[in-house]
Amino acid sequence: MRQDVARNYEEAKKLYEQHGIQVDEILTELERIKISIHCWQGDDVRGFLFRDQELSGGISVTGEYPGAAGTPEQLRADLEKAMSLIPGSHKVNLHAIYADTEESVDLDQLEPKHFQSWVDWAKVQGIGLDFNPTCFSHDKSRDGFTLSHADPAIRQFWIDHCKASRRIGAYFGEQLGQTCVTNIWIPDGYKDIPVDRLAPRQRLKASLDEIFAEEINPDWNLDAVESKLFGLGSEAYVVGSHEFYMGYGIQNNKLICLDAGHFHPTEGIAGKLSSLALFTEGLLLHVSRPMRWDSDHVVIMDDELIEIGRELVRNDLLGVTHIGLDFFDASINRIAAWVIGTRNTIKALLRAKLEPTETLKQAELEGDYTTRLALMEEFKSYPFGAVWDYYCERMGVPVREEWLSEVKRYEQDVLLKRFGS
């Protein structure tokens with residue numbers, strides 16, 4: 001243990017303990033929190049099934065930074081490097097297009113065997129896997145509709161794909177001993193104002209009912225449904241709106257996924273957590289950073305992230321909330337993007353845990369809003385960074401920006417050698 005890190009930590013502990021905050025216990029709790037790290041940051045959402053297929057469904061990745069992963073082996077190596085710089089043991093989130101197989105197989109024909117290399121790798125790494133059907137970037141999604149498509153044959157294709165995805169998720173959970181969350185998001189919607197908003201939602205509801213008809217052990221797989229406000233090509237109407245999925249999820253006991261970038265540009269999701277927690281058995285978060293539209297920027301330590309962390313901690317929701325990341329930026333080093341976003345998400349949770357929550361709640365209950373405001377403001381400058389540095393050092397990962405030199409070395413030794421090859 002570095003002496004400066006240990007010394008700063010001990011001084012910080014004294015300040016926090018004056019308010020009854022047990023820092024050592026908090027760090028032990030932090031170790032148990034798993035962030036689901038999205039694989040698609042590493043290769044710009046290309047996947048391996050259909051490498052020549054253009055991105056669709058309102059998804060766009062900008063930038064041409066060298067070194068994007070082009071094979072499953074490269075992507076797993078990049079994920080290993082990123083995880084070596086992030087404190088804690090976490091999960092990796094896969095999309096269906098990341099199947100690792102030599103077979104020519106379409107989405108509706110996918111089986112667990114097509115992901116066996118990912119399962120074997122996850123066992124070695126000691127991590128869990130989450131999963132997502134890929135309802136975009138496919139010939140059968142070209143017109144912007146999948147599970148709500150008016151053509152029964154196309155709709156059935158996507159239903160079968162989602163059924164297959166649930167079975168793959170269950171296999172992940174059974175093999176790895178960590179419950180897999182399989183999340184369904186579809187791009188369905190209209191660019192301009194529709195006449196009939198009801199019929200597509202009726203078709204979507206029927207499709208979901210068929211997908212979820214097969215009972216799967218919840219210890220192996222949990223289902224989630226993800227809403228969206230708008231996207232490129234669906235600016236006027238999205239079939240799977242927040243209201244639709246909130247109703248469906250509550251009625252059918254599914255996780256409701258809240259993506260930080262899927263609401264109005266000035267609308268935060270932190271305040272929604274306590275409301276949904278009253279009516280659901282669990283939540284799924286996709287932590288992202290919107291800018292102007294659902295552009296999925298790398299997560300930074302902004303006000304919204306801090307508020308999400310506070311809501312999870314203050315309301316004791318970490319035990320029922322699955323936290324995943326969803327951003328992709330090809331304008332910067334992709335491994336650095338993973339590290340920045342994941343470390344910030346963990347930092348936000350730590351920062352929230354280092355606040356005097358019970359004291360603040362008691363002051364609020366007694367109507368002492370002066371104390372509430374004063375303490376909330378003063379704790380903004382408390383030395384949580386010293387605690388974070390100690391946690392990183394204890395977990396064997398670089399302290400502060402020291403991780404960046406590791407990424408730069410990897411870029412020179414590995415990533416740049418891919419460029420132009």
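The values are calculated or read from the model by the stated rules, or taken from the named source; none is laboratory data. This is a predicted model, so every value here is computed, not measured. A quick note on method: Cβ atoms are made from the backbone with ideal geometry, for glycine too, and the neighbour counts reach across all protein chains shown.
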Inset, instruction - Name the residue, out of Ile86, Ile21, Ile37, that is more than 26 Å from Ala336 (Cβ to Cβ), of a type in the set (A, V, I, L, M) and touching a residue at least 40 places away in the same chain (Cβ under 8 Å). - result: Ile21
Inset, instruction - Filter segment 382-398 down to residues that are surrounded by fewer than 18 Cβ atoms within 10 Å (Cβ to Cβ) and either among the β-branched types (Val, Ile, Thr) or under 12 Å from Leu15 (Cβ atoms) (or both), then give me how many there are. - result: 1
Inset, instruction - Scan segment 379-386 and give yes if some residue there is within 25 Å of the chain's Cα centre (by Cα), under 20 Å from Met1 (Cα atoms), in a helix (DSSP H, G or I) and not assigned by TED's automatic domain parsing to the domain that holds Ile86, otherwise no. - result: yes
Inset, instruction - Report, by residue number, each residue of segment 107-121 that is in contact (Cβ under 8 Å) with a residue 24 or more places away in the chain and either among the small types (Gly, Ala, Ser) or surrounded by fewer than 15 Cβ atoms within 10 Å (Cβ to Cβ) (or both). - result: Gln109, Ser117
Inset, instruction - Kindly check whether there is at least one residue in segment 396-403 that is in a helix (DSSP H, G or I), under 30 Å from Asp44 (Cα atoms) and of a type in the set (Gly, Ala, Ser). - result: no
Inset, instruction - Pull up segment 122-138, narrow it to residues that are at pLDDT 95 or above and among the hydrophobic types (A, V, I, L, M, F, W, C), then point me to the one that is surrounded by the most Cβ atoms within 10 Å (Cβ to Cβ). - result: Leu129
Inset, instruction - Could you grab me the full set of residues in segment 24-41 that are surrounded by fewer than 23 Cβ atoms within 10 Å (Cβ to Cβ) and assigned to a helix (DSSP H, G or I)? - result: Asp24, Glu25, Ile26, Leu27, Thr28, Glu29, Leu30, Glu31
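Quick check on my filter: what residues within segment 223-235 are over 15 Å from Phe212 (Cβ atoms) and at pLDDT 95 or above?
The one that is over 15 Å from Phe212 (Cβ atoms) and at pLDDT 95 or above: Ser227.
Any residue at all in segment 216-238 that is part of a helix (DSSP H, G or I) and under 20 Å from Thr146 (Cα atoms)? Walk me through it before giving the result.
Residues of segment 216-238 that are part of a helix (DSSP H, G or I), as a first pass: none.
Looking for residues that are part of a helix (DSSP H, G or I) and under 20 Å from Thr146 (Cα atoms), one finds none in segment 216-238, hence no.
The rows are residues; the columns are (1) hydrophobic (A, V, I, L, M, F, W, C); (2) out of contact with any strand residue (DSSP E or B) (no Cβ under 9 Å at 6 or more places or on another chain).
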site	(1), (2)
Ile154	yes, yes
Lys163	no, yes
Arg167	no, no
Trp185	yes, no
Arg201	no, yes
Ala206	yes, yes
Glu210	no, yes
Ile216	yes, no
Inset, instruction - With the checklist (1) outside the structural domain of Arg409 (by TED's automatic domain parsing); (2) in contact with a helix residue (DSSP H, G or I) (Cβ under 6 Å, 6 or more places away or on another chain); (3) polar (S, T, N, Q) in hand, flag the one item Asn8 doesn't pass. - result: (1)
Inset, instruction - Could you tell me whether any residue of segment 42-63 is crowded, with 22+ Cβ neighbours inside 10 Å, under 16 Å from the mean Cα position of the chain (by Cα) and in a helix (DSSP H, G or I)? - result: yes
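Can you name the strands (runs of 3 or more DSSP E) wholly within segment 246-316 that have at least 2 residues being crowded, with 21+ Cβ neighbours inside 10 Å and in contact with a helix residue (DSSP H, G or I) (Cβ under 7 Å, 6 or more places away or on another chain)? Break it down stepwise before answering.
On the way: elements: 255-259, 283-287, 289-291, 293-297.
Because the criterion is at least 2 residues that are crowded, with 21+ Cβ neighbours inside 10 Å and in contact with a helix residue (DSSP H, G or I) (Cβ under 7 Å, 6 or more places away or on another chain), the strands (runs of 3 or more DSSP E) in segment 246-316 that meet it are 255-259, 283-287.
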Legend entry - Residue check, Arg76 touching a residue at least 40 places away in the same chain (Cβ under 8 Å), farther than 28 Å from Leu312 by Cβ and assigned to a helix (DSSP H, G or I): yes
Inset, instruction - Mind listing just one residue for me: the one in segment 74-98 that is surrounded by fewer than 22 Cβ atoms within 10 Å (Cβ to Cβ) and of a type in the set (S, T, N, Q) and, of those, farthest from Glu29 (Cα to Cα)? - result: Gln74
